[in-house]
1. Quick check on my filter: what residues within the stretch 198-216 are open to solvent by less than 50 Å² (accessible area, probe 1.4 Å) and either over 30 Å from Ala20 (Cβ atoms) or touching a strand residue (DSSP E or B) at 6+ places or on another chain (Cβ under 8 Å) (or both)?
2. Given the condition on the phi > 0 side of the Ramachandran plot, surrounded by fewer than 17 Cβ atoms within 10 Å (Cβ to Cβ) and not polar (S, T, N, Q), answer yes or no: does some residue in the stretch 217-235 qualify?
3. Taking the options Val208, Val163, name whichever one is more than 20 Å from Ile90 (Cα to Cα), of a type in the set (Val, Ile, Thr) and touching a residue at least 12 places away in the same chain (Cβ under 8 Å).
4. Return the residues of the stretch 64-108 that are basic (Lys, Arg) and more than 16 Å from Lys147 (Cα to Cα); say none if nothing qualifies.
5. If we keep just the residues of the stretch 17-51 that are out of contact with any Cys (no Cβ under 8 Å at 6 or more places or on another chain) and β-branched (Val, Ile, Thr), which is farthest from Phe213 (Cα to Cα)?
6. Are there any pairs, at least 6 apart or on different chains, whose C-beta atoms fall under 6 Å, with the first in the stretch 52-80 and among the small types (Gly, Ala, Ser) and the second open to solvent by 30 Å² or more (accessible area, probe 1.4 Å) and modelled with pLDDT of 95 or more, and if so, which?
7. Which residue is nearest to the chain's Cα centre (by Cα), if the candidates are limited to the stretch 96-132 and must be open to solvent by 10 Å² or more (accessible area, probe 1.4 Å) and aromatic (Phe, Trp, Tyr)?
8. Only one of Phe149, Phe124, Phe145 is out of contact with any Ser or Thr (no Cβ under 8 Å at 6 or more places or on another chain) and more than 18 Å from Ile96 (Cβ to Cβ). Can you tell me which?
Amino acid sequence: MAVITISRQVAALGDEIATAAAKKMGYRFVDRKQIEARIVELGFPAEKMQKYDERKPGFFASLAKDRDEYLNYLQYAVLEAAKGGNCILIGRGSFIILDDVPNLISLRFVSNDSIRLERLKAEFSWNDKQAQTRIDESDNNRRGFHKSFFNLANEDPQHFHMVLNTGMLSIDDSVKVIEGLVKSLITAEKETAGKKRIAALLKGQELVNQLLFSFHLNINFLRAVVQEDEITLQGVADSQALADRAVQAAAKILPTCRIKSAISIVQDFKTYQ
């Protein structure tokens with residue numbers, strides 16, 4: 001019925017709760033390895049994943065065109081995974097990619113730092129310094145990832161239906177809370193509307209990826225906003241001719257749709273390399 005997204009701190013039992021909830025509810029758990037593998041299958045170089053995948057890009061990596069390519073493939077992979085519904089996705093900004101989907105339930109898992117420290121020490125036989133270094137590194141990377149790619153603070157509770165403190169709730173307790181939230185919030189109408197919305201978002205992202213990676217149109221920040229059979233292209237191009245080419249290519253890809261352009265023309269705009 002629902003599409004559930006999980007944002008979590010390291011050692012806040014995100015994967016463990018997602019696995020248990022998926023088993024109890026009969027949902028698919030789409031973990032990070034599945035999303036990573038799909039991004040590579042779509043065409044992103046595997047050797048570049050470590051620069052971007054749920055981490056803050058370095059200075060030069062944040063300016064590279066690879067950054068935008070990764071984001072387009074990531075958004076497609078998340079939307080594709082959510083298409084069938086009844087699934088749980090963890091991390092990688094899935095809560096914001098699916099933000100306006102009617103049958104979305106977005107959750108965040110946190111725990112007190114002292115509890116996270118003890119969990120990491122027990123799992124990896126680390127000392128206090130090693131465990132604290134891992135916590136600091138992970139928190140900074142996830143904070144930087146969401147700021148860089150989505151311009152938001154992943155720790156802000158306003159992005160989520162609920163924030164669960166897994167230092168106070170067991171895995172079983174957390175699963176019960178998730179089950180109750182799904183039963184309370186998700187209706188058949190929301191599920192139908194959610195599937196329709198995801199299909200539209202996926203259609204738009206697929207069009208964007210074809211224009212960028214098959215037609216090689218050098219348009220920055222390209223988006224395709226889908227409303228029924230009308231699609232509006234947005235982005236920044238350095239010439240009107242390039243924007244016109246995008247509209248013509250989109251019309252070839254989706255001949256039954258009306259294609260409009262809202263692409264901004266900035267002639268001295270410097271594209272990323």
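The values are calculated or read from the model by the stated rules, or taken from the named source; none is laboratory data. Quantities reported herein were computed from a predicted structural model and do not represent experimental measurements. Cβ placement follows ideal geometry from the backbone for every residue including glycine, while neighbour counts extend to all protein chains displayed. All accessible areas refer to the heavy atoms of the entire protein, side chains included, with ligands and DNA or RNA removed. Shrake-Rupley method; radii C 1.70, N 1.55, O 1.52, S 1.80 Å.
1. Hits for the stretch 198-216 are Ile198, Ala200, Leu201, Gly204, Gln205, Leu207, Val208, Asn209, Leu211, Leu212.
2. The answer is yes; a qualifying residue exists.
3. Being more than 20 Å from Ile90 (Cα to Cα), of a type in the set (Val, Ile, Thr) and touching a residue at least 12 places away in the same chain (Cβ under 8 Å) holds for just one of Val208, Val163, which is Val208.
4. Once the filter is applied, which keeps residues that are basic (Lys, Arg) and more than 16 Å from Lys147 (Cα to Cα), the stretch 64-108 yields Lys65, Lys83, Arg108.
5. The selected residue is Ile17.
6. Ala77/Arg38
7. Going through the qualifying residues, I end up with Phe124.
8. Details: Phe149 fails: more than 18 Å from Ile96 (Cβ to Cβ); Phe145 fails: more than 18 Å from Ile96 (Cβ to Cβ).
It is Phe124.
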